[in-house]
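The values are calculated or read from the model by the stated rules, or taken from the named source; none is laboratory data. Bear in mind that the values here come from a model prediction, so they are computed numbers and not experimental data. Glycine gets a Cβ as well: all are built from the backbone with ideal geometry, and neighbour counts include every protein chain shown. For accessibility, only protein heavy atoms count, side chains too; no ligands or nucleic acids. Shrake-Rupley method; radii C 1.70, N 1.55, O 1.52, S 1.80 Å.
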Amino acid sequence: MLLISCPNCGPRDETEFHYGGQAHVAYPESPNDLTDREWAEYLFYRENTKGTFAERWVHSTGCRQWFNMLRDTVSYEIHSIYGMGQPRPDLNTSGQSSEPTQPGEFTQAGDFGQAGEPGLAPGAASPTATTPISSEGV
């Protein structure tokens, strides 16, 4: 079970969210000029990455806002959560060598995502004794 940090609501159970597909797929500038094949490729062709992947998610039972997430498709580890319209964070911004040496290993850097406390989006309040952390309030 994943604990996803909604940028607006804070950490919530994954059952409150819906997957929206690959992030950063730009709408064609001139869709009427596309061939049927190009249109089909825009609609249906997506990357199938093993490893870190940028995805769109919506907090469907909460604030109903869309956001982007960098998630490892193998380990389910969430590297970063950022707003729609923001560029994909560069995971290698620290200047240090952050090449993983083991499968599933990740070195996070930069001022984005869950840099401070695991599972929290930037600016999200830490859960307290009065803040429920799941849909059941547990």
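Out of all the residues in region 16-24, is one or more hydrophobic (A, V, I, L, M, F, W, C) and touching a residue at least 40 places away in the same chain (Cβ under 8 Å)? Yes, region 16-24 contains a residue that is hydrophobic (A, V, I, L, M, F, W, C) and touching a residue at least 40 places away in the same chain (Cβ under 8 Å). When region 37-85 is limited to residues that are under 15 Å from H24 (Cα atoms) and assigned to a loop (DSSP other than H, G, I, E, B), the one that is most open to solvent (accessible area, probe 1.4 Å) turns out to be N48.
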